1. May I ask you to say which residue of B:Leu42, B:Leu29 is hydrophobic (A, V, I, L, M, F, W, C) and over 20 Å from A:Lys176 (Cβ atoms)?
2. Of the numbered conditions (1) more than 30 Å from A:Arg34 (Cβ to Cβ); (2) facing chain A (nearest Cβ under 7 Å); (3) of a type outside the set (Gly, Ala, Ser), B:Val68 fails exactly one; give the number of that condition.
3. Looking at the range A:154-173 only, could you name the residues that are β-branched (Val, Ile, Thr) and either touching a His at 6+ places or on another chain (Cβ under 9 Å) or facing chain B (nearest Cβ under 9 Å) (or both)?
4. Can you confirm whether the range B:49-65 contains a residue that is β-branched (Val, Ile, Thr), over 22 Å from B:Arg18 (Cα atoms) and more than 7 Å from every other protein chain (Cβ to nearest Cβ)?
5. Among the residues of the range B:75-84, are any surrounded by fewer than 21 Cβ atoms within 10 Å (Cβ to Cβ), among the basic types (Lys, Arg), more than 7 Å from chain A (Cβ to nearest Cβ) and within 24 Å of A:Glu68 (Cα to Cα)?
6. Only one of these is touching a Pro at 6+ places or on another chain (Cβ under 8 Å), part of a helix (DSSP H, G or I) and modelled with pLDDT of 90 or more: B:Ala56, B:Ala34, B:Ala15. Name it.
7. Being within 20 Å of B:Ala72 (Cα to Cα) and not in a helix (DSSP H, G or I) is the filter here, so list the residues in the range A:37-88 that pass it.
8. I'm trying to understand the selection: among the residues of the range B:11-39, which are under 47 Å from the mean Cα position of the chain (by Cα) and surrounded by 12 or more Cβ atoms within 10 Å (Cβ to Cβ)?
Amino acid sequence: MRDVTVRELERLATAEADVALAMDEDAFRAFYDRTARSLWAYLSRMTGNPHVADDLLQETYYRFLRAEVRLDEEAHRRNYLFRIATNLVRDGYRRSQTDPQAFAHTHGVGELPGDATMAARAERRADVRSAMAQLKPRERELLWLAYAQGSTHQEIGEALGLKTGSIKPLLFRARKRLAALLGTAGYGGDNAKR
Amino acid sequence: MRSVECPREDELLAALQRTRELEACPAELQEHVAACASCASLADVVLRLLDEHHVATAHAPVPSAGTVWFRAQMRARHEAAQAAARPIGIVQAIGIACAVGLLAGGITLLSTSVGPWLDWFGDLGLPSIELASLEGLAPATLTVLVAATMVVILAPVAIYLSSSSE
């Protein structure tokens with residue numbers, strides 16, 4: 001059957017075609033600047049692969065812009081954005097495109113070898129990544145959104161499609177599991193160093 | 001299983017989210033953490049994740065907003081163009097199916113006798129009572145019947161092939 005020609009694409013690129021998106025460009029730019037970094041961090045830590053996170057970032061914003069859902073409040077838009085991202089991560093995990101074990105090998109971009117303190121912090125981060133890799137996807141999502149990102153239980157529920165009342169016990173169990181994997185018996189020692 | 005082991009966990013979590021360092025939390029809260037195993041465990045987990053979050057966001061290699069917006073626009077317009085072209089393909093497929101049906105009907109009409117065709121179907125083991133009923137049909141009626149049958153069979157196939165090729 002007939003395919004779209006390059007000439008047609010060029011014609012469309014000159015804004016003759018008006019495709020409806022969820023927000024105008026200015027509003028999107030502001031929203032993107034507020035959410036992109038945290039979204040990328042979420043995607044990279046959930047997939048364990050920064051390159052997959054790059055692709056999912058674009059896909060997430062595209063689906064957000066094409067969604068026919070009207071969200072007036074910033075918080076709802078943000079929750080919906082993370083809901084899309086979570087579903088994409090889960091779809092990729094089901095198709096085995098992401099390797100949870102790769103989480104343990106994700107290196108922080110820009111980390112430089114430095115003094116002993118920096119090395120200790122890098123080692124602690126490696127421990128966290130290794131432990132997170134052994135958790136279930138939902139446990140990782142809960143812990144990251146609640147503790148790393150500071151989302152409320154209602155926001156987490158909207159992002160993950162869970163009832164707000166179920167977040168607390170699920171989060172508690174996930175935290176206990178992570179603590180056990182980290183071998184955290186109590187606070188103290190080099191954990192106090194920042 | 002209880003969901004909260006210490007009633008001060010929410011307070012501790014809020015303080016750590018705000019300060020990102022236990023040393024920056026109120027002294028009384030720090031003393032509590034030192035004495036409470038549950039809060040100590042929570043503090044360690046939260047601080048590790050906050051550190052990880054800080055590193056991930058500080059060095060996130062995100063493209064510019066303009067780049068993401070432009071790519072989204074281009075993709076949306078491309079998909080819209082493909083969607084606009086899809087009905088043309090479907091109409092073409094139906095047209096081809098109708099043409100084949102008419103051709104089959106025309107062949108039927110031009111054939112001097114339908115008997116040999118019915119004998120061929122009979123060799124396939126079709127019930128004889130159906131063949132006898134066809135023999136009584138007028139040629140024009142038989143032509144329309146054959147043409148309509150071909151369209152009904154071929155049109156969905158053509159539409160499927162047209163849609164799947166995109």
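1. Working: B:Leu42 fails: over 20 Å from A:Lys176 (Cβ atoms).
So the residue among B:Leu42, B:Leu29 that is hydrophobic (A, V, I, L, M, F, W, C) and over 20 Å from A:Lys176 (Cβ atoms) is B:Leu29.
2. In the conditions (1) more than 30 Å from A:Arg34 (Cβ to Cβ); (2) facing chain A (nearest Cβ under 7 Å); (3) of a type outside the set (Gly, Ala, Ser), B:Val68 misses (1) alone.
3. The initial filter retains those residues of the range A:154-173 that are β-branched (Val, Ile, Thr), namely A:156, A:164, A:167.
Correct list: A:Thr164, A:Ile167.
4. Checking the range B:49-65: not a single residue is β-branched (Val, Ile, Thr), over 22 Å from B:Arg18 (Cα atoms) and more than 7 Å from every other protein chain (Cβ to nearest Cβ).
5. Scanning the range B:75-84 turns up no residue that is surrounded by fewer than 21 Cβ atoms within 10 Å (Cβ to Cβ), among the basic types (Lys, Arg), more than 7 Å from chain A (Cβ to nearest Cβ) and within 24 Å of A:Glu68 (Cα to Cα).
6. None of the others qualify; the one that does is B:Ala15.
7. Matches in the range A:37-88: A:Ala67, A:Glu68, A:Val69, A:Arg70, A:Leu71.
8. Residues satisfying the conditions are B:Glu11, B:Leu12, B:Leu13, B:Ala14, B:Ala15, B:Leu16, B:Gln17, B:Thr19, B:Arg20, B:Glu21, B:Ser38, B:Cys39.
The values are calculated or read from the model by the stated rules, or taken from the named source; none is laboratory data. If you're wondering where the values come from, they're calculated on a predicted model, not measured in any experiment. Cβ sites come from the backbone with ideal geometry, for glycine too, and all protein chains shown count toward neighbours.
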